[in-house]
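A quick write-up on the structure given underneath.
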Amino acid sequence: MMAVEKTNIFVGKLMAYVSLVCVVVISFEVIMRYFFGMPTNWGHELMLSLFAMYYVMVVGVAHYWRAHVRVDVFYASRSTRTKAIMDLVNGAFFYLFVLVYIWTSWNFYWSSQMMHAGNTLFGMDLIGENSFTDWAPPLYPVKFLMPLGGVLLLLQGIVWTIRDAHMAFTGREFK
């Protein structure tokens, strides 16, 4: 359980640095576009890829901190044990969503990975989807992060389910 939590915390800290890179890239793009009249294809596209990576990779750490949206009208005023029971009941919806997300995002990634887009490197054909811009970066590495983020979320959900079950049945926190 600690390995899952430490991994999610590490990924969250890494994504904090990615967000700083996003700020630098978007600032550069805005300066180039509006002050020099020279927008860049790579700046805008890199910013979109970095934000996509950030968005799909922070879900595990957000679940570690229990930062996802809840209906506090029903949840906030309850005891810790009642919250754990409510989380266990809602777990069915959580697992259904996460498993469908992992399945569909894996298919989304795999179709991107297996696409024949006519790319070559030193005369060899390469497979994989690329962007349609002049810069044409590969898209499948970022798309791979979607199921990976889903797996991190699933693992963190399993950790919370174990903790919630312990709290619901014993009334004590799991240590």
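Which residue out of M57, M38, M47 is within 23 Å of P147 (Cβ to Cβ) and modelled with pLDDT under 95?
Answer to the check: M47.
Filter region 125-163 for residues that are in contact (Cβ under 8 Å) with a residue 60 or more places away in the chain and in contact with a Pro (Cβ under 7 Å, 6 or more places away or on another chain) and give the result.
Of everything in region 125-163, just one residue is in contact (Cβ under 8 Å) with a residue 60 or more places away in the chain and in contact with a Pro (Cβ under 7 Å, 6 or more places away or on another chain), namely S131.
Farther than 22 Å from A3 by Cα and of a type in the set (A, V, I, L, M, F, W, C): which single residue out of M146, M115 fits that description?
M115
So which residues in region 86-109 are among the small types (G, A, S) and farther than 15 Å from P147 by Cβ?
The answer is G91, A92.
Matching residues to (1) exposed (fewer than 14 other Cβ atoms within 10 Å of the Cβ); (2) modelled with pLDDT of 90 or more:
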site	(1), (2)
L96	yes, yes
Y101	no, yes
W110	no, yes
H116	yes, no
L126	yes, no
F132	yes, no
V142	no, yes
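The values are calculated or read from the model by the stated rules, or taken from the named source; none is laboratory data. Only a predicted model underlies this, so the values are computations on that prediction, with no experimental measurement involved. Because the Cβ atoms are built from the backbone with ideal geometry, glycine has one as well, and the counts that use them run over all protein chains shown.
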